1. Just want the answer: with Cβ charges of +1 for Lys and Arg and -1 for Asp and Glu, which residue in 220, 203, 169 is farthest toward the dipole's positive end in the stretch 154-229?
2. Pop out the ³J(HN,Hα) list for the stretch 73-88 in order, Karplus 6.51 cos²θ - 1.76 cosθ + 1.60 with θ = phi - 60°, rounded to Hz; leave Gly and Pro as x.
3. Can you tell me how much longer the chain between residue 397 and residue 86 gets when fully stretched, taken as 0.36 nm per residue apart minus their C-alpha distance, in nm with one decimal?
4. Read phi for every residue in the stretch 164-181 and hand back ³J(HN,Hα) as whole Hz from Karplus 6.51 cos²θ - 1.76 cosθ + 1.60, θ = phi - 60°, with x for Gly and Pro.
5. Residue farthest toward the positive end of the dipole of the stretch 10-262, with Cβ of Lys/Arg at +1 and Asp/Glu at -1: which of 178, 239, 256?
6. What nm distance separates the two modelled labels at residue 280 and residue 229, each placed 7 Å from Cα along Cα→Cβ?
7. Given the peptides 172-180, 295-303, arrange them by the average over their residues of other C-beta atoms within 10 Å, most packed first.
8. Summing +1 for each Lys or Arg and -1 for each Asp or Glu, what net charge is found among the other residues whose Cβ lies under 11 Å from the Cβ of residue 172?
Amino acid sequence: MIRKDEQRVNIIMLSGGSGKRLWPLSNEVRSKQFLKVFLKPDGSHESMVQRMYRMIYQVDREASITIATSKSQVPTIKAQLGDSVAISIEPCRRDTFPAIALATAYLHEKEGVSADDVVVVCPVDPYVELDYFRMLGELSEQAKKGEANLILMGIEPTYPSEKYGYIIPEGKSHISAVKSFREKPDALTAEQYIADGALWNGGVFAYKLRYVLEIAETVLGTSKYQKLYENYETLKKISFDYAVVEKEPKIQVMRFNGAWKDLGTWNTMTEAMSDAVSGNAVTVECVNTHVINELQIPLIALGAVELAIVATPDGILVTDKRKSDKLKDYVAEHRPMVEKRGWGEYQVLGYRIQDDGQNYLTKHLTVLPGKHISYQRHIHRSEIWTFVDGEGELVLDGIVRPVARGETAYIKPGVKHSIRAKTELHIIEVQVGDELTEEDIERMDWNWDRVNERNPI
């Protein structure tokens with residue numbers, strides 16, 4: 001990134017949303033930014049968030065990156081980026097201004113960034129190249145000058161899109177004052193906007209921390225991190241555009257004319273995917289058709305044209321790519337069936353509600369060698385663990401014992417427990433109770449290093 005001094009560039013990457021337009025591969029936990037569908041230079045695959053993270057550091061090794069995300073996405077982010085990644089955690093969803101205000105306060109109070117320093121905010125999910133990341137540095141430098149309170153990145157349109165809002169600049173220079181904003185137009189109006197030099201609003205902007213902290217005091221009643229976090233559920237639900245952007249008179253836009261794709265639908269996602277077929281699938285005489293199969297059963301596509309075919313434990317989709325933007329209207333909320341964690345992953349095998357109020361949920365847990373589940377307890381459910389393969393160590397209320405294939409453990413409500421894998425460990429977990437949710441969990445400290453000293457794994 002282009003910098004005129006030694007001050008590093010501070011970046012907030014917004015990782016929110018459930019990516020319903022990319023169902024069934026994307027859900028509340030495994031959102032589109034975590035899908036490993038992009039080819040790395042070494043031939044392996046990576047997700048959007050991994051790609052963004054890698055390329056920022058490729059351009060600027062000294063950059064400071066903070067991920068702003070919901071609580072449910074934290075395990076996936078740590079699994080993909082490592083435990084050391086800085087994360088501003090939203091306790092719940094309250095729109096973009098509370099999220100950005102919380103992350104800004106986090107940088108100031110938890111990371112020690114001065115209120116007079118600059119931060120660049122960008123979404124985690126565009127498909128872009130290195131020139132995009134260089135411009136993040138340019139935005140930061142422009143914000144330091146203090147000519148405007150807010151500096152936007154405006155994307156040079158490649159077609160008259162009806163999906164994006166438009167920024168109307170005062171002129172056609174690289175950096176211009178902003179004249180006005182326009183909501184998503186129809187195609188004919190978009191053509192006129194573009195002819196007049198309008199730009200797509202890609203949700204990228206830079207400001208000095210003090211600027212947003214002061215607005216947070218007015219709009220949310222506080223700019224203190226702890227108060228924002230503790231009262232997050234009651235904060236005013238308002239977008240950053242409405243709370244800040246559209247009301248700011250001292251605002252500039254910087255033109256970006258490089259490659260930029262919003263991978264929000266199967267139509268655009270498949271354009272960036274490196275493989276047309278993934279998983280246990282075969283295509284025969286198909287044209288511009290992409291198939292992803294995460295199920296164990298085979299999938300065969302014959303003579304399909306312009307389709308996206310996706311089969312996962314969460315559901316099966318067959319869609320004309322050109323119609324995939326309407327998918328969000330038909331996707332209902334339900335429990336994610338697969339979730340990757342830092343210790344491994346789980347897959348829901350079955351869920352049953354009984355007439356007597358006792359519910360049953362069955363999972364297959366895979367714990368990776370040397371990894372462990374947090375020391376925890378549940379109030380509303382008991383758990384039965386059956387160890388079907390591998391070896392590990394089980395702790396129940398502070399008592400540690402080895403476990404291996406064929407053994408079982410009954411964990412009553414309130415019993416503190418954890419498991420650590422010696423080899424890859426496979427567990428069938430049956431939950432029984434009147435409330436079977438991921439929120440029914442209380443985590444506590446447990447020092448596995450002390451166990452190591454007594455009984456090395």
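Bear in mind these aren't lab numbers, they're just calculated from the coordinates by the rules spelled out. A quick note: this is a predicted structure, and the numbers were derived from the prediction, not measured. Note: ideal-geometry Cβ built from the backbone for every residue, glycine included; neighbour counts use all protein chains shown.
1. 220
2. Using θ = phi - 60°, the values come out as 8, 4, x, 5, 4, 5, 5, 8, 10, x, 5, 7, 5, 7, 10, 9 Hz.
3. Additional length available on full extension: 108.8 nm.
4. Calculated HN-Hα couplings, in order: 10, x, 10, 9, 9, x, 5, x, 10, 6, 4, 10, 9, 5, 8, 7, 6, 10 Hz.
5. 239
6. 4.4
7. Highest to lowest by the protection proxy: 172-180, 295-303.
8. Around residue 172, the surrounding residues sum to -2.
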